[in-house]
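These notes concern the structure reproduced below.
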Amino acid sequence: MTTRPNPDAPIIGTAPHELRANLNFSERGLSNPMAAYWALCGLMRQHGGGTTVETEIPWVVEPHPDAPVDDDGEPMEPVTISLYYGSDDDGNPAGKIAPHPEFDLSQDRGMWEPRINVEGFGERKADFHVRPRYAGMEHVDTRNDIASPFDHDDQPDRGYNVNVQGSNLEPDEYLHVLQEACKALAEEVDENWGDDRFTNPLPTSTIIQYERYLRLSRKLSEKLTREGGTFHQLAMLLSDQAGSKGAYFWDNRDVQGYMSRFLHDSTGAGTMIPGHQYGGQLKSYHPENVHSDPSDPLFYPKFGALYTQQMNEIRLNDSRPSWSDRHDLGRELEERLVNVLAWSGIPIDPDALGAESEEEVGAFVEDWHFRAEATDLDPELADDPTPEIERSQESMIVRSLQRMTDLGLELSEQLIADGGHAHYEDLADDAEVSASTVYRWLQRMGEAVESDNGVITFHSANLREQFEEIVGRTATKFVSTIDNAMRRADTVLEKDAYQRRAGAEFENWRQKWGAELAEDGRVLNLGTCLPRPDRDLDAPVDAGDVVRDGLEAWHEDGNKTGTFPHEIHWDDDRGQHHSERLDDLLEQAKKDHRSEAVQQLAEMTFAGLDVVDAISEVKQMIEAGSSWSPAQIQAAVEEAGFEFDVRDAAEPDFEIPETPG
């Protein structure tokens, strides 16, 4: 079980989406256990075969803020109710159940099967198909047996079935809506509909499908659907499990993550979250026609967890849950959604910020039915199961050490000597090897090290320390001690995989740089020796760069800038202690970043050109409305060795200078 830093922090709730159920009734205590069925058939006759009624019914859940309600203290939902039945080619009611011989009905016609459709606020809707039930039913045309739970000795021999299908209603709302719809239909013909109907479904009532969902910002949803994302990781985990069944589908036709579906059976549900027992589908998806307006909630994808017995010819559950288990099933679906969010590094606080690239968009986007509010279910947060995959990947790193040469060991030792971070060119120079040798060494090291814009670092500070011990033991006699180092490395990597949490970006950053928060949360101590941003301009990474990355990770976890530590403490490689304000470090990091960007512009755009082509390039940038400022373009031009003024170069009568020699 995962322990949250603040156990009392709210957790996002979910909204109901699709539901299908088969509910059986037998009105015990009444002279006729099919009384509601016969009464509904009577309304059908009085309405001439069907009708449509517009009315209001009471809400039994808190209405959506945008839903129109009365001001009399009892919120009412405007609804449209339709009563009808299907018909065959001859226009007769389409029911195919032959009447019981004791019923006073023609034995040549099927019994009526009334249908009620209710359309409410937004996309709230419910369909009810009411069918007679009795022991020993037969098909009216073929006289073949029609099996039902009413055939069993331990069940009533007469009653009726209500097939329920709808969306955006909580499960407990459906029978309330059915009852209120029948009341309204009865009132239209001055009849009275009793309050004691549709109240106690029999134990044979089951749930066919049930989905709960929330709506995510586009950028955060990519953590679920991208290559190596959570869907992909879970599919890898469960596909290697004996006896499990599932599938992973993706469709990026109109937009990245247009539709991604991960199917898992009941065994997989328990593997992901201990105690879970229902197989189903995790799905991130856009509407059929992708929306382009960011102010429209449908611009953002839904993330849903669905229970179903079978999908795509894959049996996901051996049996259907009872209707009486609907609350337990709903809880499991909500827990699954919340846990997958947490494993993905997506914040689960209802008020969490969205990705930095999506300004003014929270992590969760409200629509007409989903509200970004805290759940009242107190879901349990399970440990991320996917470190199992990390360990298998890291075992490949360990195996690669068997192929490591003495030169590779020297590079590992050099990276440790450089404090665990160095630019690849500096690493190559210090080790007196070529850049291609460094590249091959990177491939052998796999995920134990990372390369970001040419700066190589160990995956975590702990990993660096443990590798330092490994290299220290093997550097003098590599060949004879590599097996021992292998065993040691295997232990280190496996332990580090357990310590890293995929669902916590800041925690991963903290471990990478050995950072620690003071108890009051106001001071951040960096555990890695780093230069000041203005001390060593040639350093591949400095304290400003590291803190800037830490703040980005802080944001990705849904935290606000104001809650980040305001004071940063660290030691440089000379042993000197430093204490800087967060804003000062970030400002210096921005300047460094701009300098690096100008250098890249010079190398990628102007390096190797003659002066004519360089001036032409400047003019094209200015005419195209480049995002680069004139000062940045000027700096890049000078970095590339040219001496002309970019503003003058934009003039049509500019005299072209000589190409720099």
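Just to be sure I understand, how many residues within segment 31-47 are open to solvent by less than 80 Å² (accessible area, probe 1.4 Å), part of a loop (DSSP other than H, G, I, E, B) and farther than 13 Å from Ala186 by Cα?
Step one: filter segment 31-47 for residues open to solvent by less than 80 Å² (accessible area, probe 1.4 Å), giving 32-44, 47.
From the residues that got through so far, the ones that are part of a loop (DSSP other than H, G, I, E, B) too are 32-34, 47.
Then drop every residue that is not farther than 13 Å from Ala186 by Cα, which leaves 32-34.
Here the count works out to 3.
Pairs, please: C-beta under 6 Å, at least 6 apart or cross-chain, first residue over 29 Å from Trp112 (Cβ atoms) and in segment 49-71, second of a type in the set (Val, Ile, Thr) and surrounded by 12 or more Cβ atoms within 10 Å (Cβ to Cβ)?
These pairs meet every condition: Pro63/Val69.
Please go through segment 333-356 and pick out each residue that is assigned to a helix (DSSP H, G or I) and open to solvent by less than 10 Å² (accessible area, probe 1.4 Å).
Step one: of segment 333-356, the residues assigned to a helix (DSSP H, G or I) are 333-343.
Across segment 333-356, the qualifying residues are Leu333, Glu334, Arg336, Leu337, Val338, Asn339, Val340, Leu341.
Tally time: how many residues in segment 153-170 are open to solvent by 50 Å² or more (accessible area, probe 1.4 Å) and either touching a residue at least 40 places away in the same chain (Cβ under 8 Å) or not assigned by the TED database to the domain that holds Thr51 (or both)? Walk me through how you get there before you give the answer.
If we filter segment 153-170 for residues that are open to solvent by 50 Å² or more (accessible area, probe 1.4 Å), which is where we start, we get 153-154, 157-158, 165, 170.
Within this subset, residues satisfying the condition of being either touching a residue at least 40 places away in the same chain (Cβ under 8 Å) or not assigned by the TED database to the domain that holds Thr51 (or both) are 158, 165, 170.
Final tally of qualifying residues: 3.
Taking segment 176-203 as the search range and keeping residues that are among the aliphatic types (A, V, I, L, M) and assigned to a helix (DSSP H, G or I), which one is farthest from Glu335 (Cα to Cα)? Lay out the reasoning, then the answer.
Looking only at segment 176-203, we keep the residues that are among the aliphatic types (A, V, I, L, M), and these are 177-178, 181, 184-186, 189, 202.
Those still in the list that are assigned to a helix (DSSP H, G or I) too: 177-178, 181, 184-186.
Working: Val177: 27, Leu178: 29, Ala181: 33, Ala184: 38, Leu185: 39, Ala186: 41 Å.
Only one residue tops the list, namely Ala186.
Condition (residue is closer than 30 Å to Gly246 by Cβ and in contact (Cβ under 8 Å) with a residue 24 or more places away in the chain) applied to segment 171-188: is it met by at least one residue?
Yes.
Take the residues in segment 204-220 that are part of a loop (DSSP other than H, G, I, E, B) and either farther than 18 Å from Glu366 by Cα or basic (Lys, Arg) (or both); name whichever of them is least open to solvent (accessible area, probe 1.4 Å).
Ser205
The values are calculated or read from the model by the stated rules, or taken from the named source; none is laboratory data. All of these numbers come straight from a predicted model, not from anything done at the bench. Note that each Cβ is placed from the backbone with ideal geometry, even for glycine, and that neighbours are counted across all protein chains shown. Keep in mind that these areas ignore ligands, DNA and RNA; they rest on the heavy atoms of the full protein, side chains included. Shrake-Rupley method; radii C 1.70, N 1.55, O 1.52, S 1.80 Å.
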